[in-house]
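A short reminder: the numbers here are calculations on the coordinates, not readings from a lab. Just so you know, these numbers come straight off a predicted model, no measurement behind them. So basically every Cβ, Gly included, is an ideal-geometry build from the backbone, and we count neighbours across all protein chains shown.
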Amino acid sequence: MKNHILSASRLTLVMLVIVGIYLGIVYAGSKVLPTQGNAEIINFKGQKFYANIGQNFTSPKYFHGRPSAVDYNAAGSAGSNKGPSNEEYLQTVQKRIDTLKMMNPEMQNAKVPVELVTASGSGLDPDISPEGAFYQVKRVAINRNISSEKLEQLIKNQTETSIFGPSKVNVLKLNIALDQLK
């Protein structure tokens, strides 16, 4: 019995050292990131916004982000946990497609970008693909009386590229840049 306690104690100490080293590496690594491991906070018109959390834009004058399974509640992020064969999930996605096409009637025959009708795993994804933003250009152009070309250039300027994944557009940053257009 004494031998088991000694072995368990040694293993506990070794694991504490390994986990401690791992946490130290993660912490040190976060400090070299542009935001130093903290949220990216944007102050705009006297309000504070978190750029890494999806925002709910519903006005036709703005670009819309991904749907949220948690109604954009950052305190309780979660996905829907329903698979692509779930009938209720398919009905939800079809309703989103119908709503999207109703809001963007000029795009009736265009392919719908998947991220505009499906929620992310966290329900708080702040980004969409450039294709998702381009899909909404005509609606925003009409509602803001801005040329589509100007909006397309704005999207290109706001597109972030990475060697680790696909290009993306932060919807909050895009809409703030949109509000700052003259």
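A few comments on the model shown:
- The helix-based estimate of mean residue ellipticity at 222 nm for the chain, built from -39,500 (n - 2.57) per DSSP H run of four or more residues and divided by its residue count, is -14000 deg cm²/dmol to the nearest 500.
- Of Val14, Val114, Tyr89, farthest towards positive along the dipole that unit charges on Lys, Arg, Asp, Glu beta carbons give the chain: Val14
- Dipole size of the range 44-182 about its Cα centre, with +1 on Lys/Arg Cβ and -1 on Asp/Glu Cβ: approximately 440 debye, rounded to the nearest 20.
- Of Leu100, Asn143, Ser167, farthest towards positive along the dipole that unit charges on Lys, Arg, Asp, Glu beta carbons give the range 41-180: Asn143
- Taking Lys and Arg as +1 and Asp and Glu as -1, the other residues whose beta-carbon sits under 13 Å from that of Ile53 total -1.
- A simple packing score, the average count of other Cβ atoms within 10 Å per residue, orders the peptides 83-89, 93-99 as 93-99, 83-89, with the highest score first.
- Rg/Rh (Cα only; Kirkwood hydrodynamic radius) as it applies to the range 32-124: 1.03
- Remark on Ser80: its backbone amide H falls under 5 Å from none of the residues 5 or more positions apart or on other chains, H modelled at 1.01 Å from N.
- Of the Cα atoms belonging to the chain, the radius of gyration and Dmax stand at 21.9, 80 Å.
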